[in-house]
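Undergrad: My questions all concern the structure below.
The values are calculated or read from the model by the stated rules, or taken from the named source; none is laboratory data. Because the structure is predicted, anything quoted here is derived from the model rather than measured. Neighbour counts run over all protein chains shown; Cβ positions are idealised from the backbone, glycine included. What goes into the accessible areas is simple: the full protein's heavy atoms, side chains included, and nothing from ligands, DNA or RNA. Shrake-Rupley method; radii C 1.70, N 1.55, O 1.52, S 1.80 Å.
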Amino acid sequence: MDNSTPLTSPSSSLKLAIELTPKSTSCKDIQKQFNKKQWAVISDMVFLRTKGLCEICEASIDKKTFKMYACWLYNGNIQSLSKLIGLCSNCNQAKDRGIAALNADTTYVIEHYCRVNGVAYEEATKHIEDAFDVWSQHSNVEWVLDTQKILAIQQWVDKKIIETESAIKADNKKE
């Protein structure tokens, strides 16, 4: 099996692609790789970049409804962070259909997927089936998390936090 393929269904060329995280890494939440202060800085940075719009469907989002989604690359048996994007809750749930599956009623998520991609409901359900087929294949691999990019982000964020705290202390001394 070729493990270097993306973990998306054949629908990955669509605006809103389904990306299911394989079993071996499904519990490795990106947020757990950062402390609360670091995560807040990263979240603020991504939210500012989005200018209050979902990066997929362009729906208006506020800080309370904003979801940060980790996009991953898979090569061999190495999983590495590609980027973090800001999404509305509907795109977040549709992107990782596994999240939506935890909810009792997921019809609205599939309908959102259809609207964003301009596909019929039947085609969307086929995309979901295809995504689960890819997920099943990739779940047979024991993925190893490459932490290089995560460590680089942690270092950058820590530097920003120190700079901000130093600036605040300097301003307080002036007063």
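Undergrad: Hey, among D158, D130, which residue is in contact with a helix residue (DSSP H, G or I) (Cβ under 9 Å, 6 or more places away or on another chain), over 26 Å from V46 (Cβ atoms) and in a helix (DSSP H, G or I)?
TA: Result: D130 is the single residue among D158, D130 that is in contact with a helix residue (DSSP H, G or I) (Cβ under 9 Å, 6 or more places away or on another chain), over 26 Å from V46 (Cβ atoms) and in a helix (DSSP H, G or I).
Undergrad: Looking only at residues that are outside any loop (DSSP other than H, G, I, E, B) and among the acidic types (D, E) in the stretch 13-69, which one is nearest to G86 (Cα to Cα)?
TA: Filtering the stretch 13-69 for residues outside any loop (DSSP other than H, G, I, E, B) gives 13, 19, 23-25, 30-33, 36-50, 53, 60, 67-69.
After this cut, where a residue has to be among the acidic types (D, E) as well, the list is 19, 44.
Details: E19: 15, D44: 10 Å.
Ranking the candidates gives D44 first.
Undergrad: Within the stretch 2-36, restricting attention to residues that are within 17 Å of T125 (Cβ to Cβ) and at pLDDT below 65, which residue is farthest from the chain's Cα centre (by Cα)?
TA: So, considering only residues that are within 17 Å of T125 (Cβ to Cβ) and at pLDDT below 65, the one farthest from the chain's Cα centre (by Cα) is P10.
Undergrad: Of all residues being of a type outside the set (A, V, I, L, M) and in contact with a strand residue (DSSP E or B) (Cβ under 6 Å, 6 or more places away or on another chain) in the stretch 118-175, which is farthest from W39 (Cα to Cα)? Just the residue, please.
TA: Top of the filtered list is W143.
Undergrad: Here's another thing I want to ask about it. (1) at pLDDT below 85; (2) buried (at least 18 other Cβ atoms within 10 Å of the Cβ); (3) of a type outside the set (D, E); (4) out of contact with any Leu (no Cβ under 7 Å at 6 or more places or on another chain): which one isn't true of H112, the others all being true?
TA: Failed condition: (1).
Undergrad: Still on this structure, I have one more. Would you mind telling me which numbered condition in (1) of a type in the set (V, I, T); (2) in contact with a helix residue (DSSP H, G or I) (Cβ under 7 Å, 6 or more places away or on another chain); (3) farther than 30 Å from E165 by Cα V41 fails?
TA: It is condition (3) that V41 fails.
Undergrad: Against the condition loosely packed, with under 15 Cβ neighbours inside 10 Å, in contact (Cβ under 8 Å) with a residue 24 or more places away in the chain and out of contact with any Cys (no Cβ under 8 Å at 6 or more places or on another chain), how does T125 come out, does it pass?
TA: no
Undergrad: I'd like the full set of residues that are touching a residue at least 24 places away in the same chain (Cβ under 8 Å), of a type outside the set (S, T, Y) and open to solvent by 40 Å² or more (accessible area, probe 1.4 Å), limited to the stretch 60-71.
TA: K67
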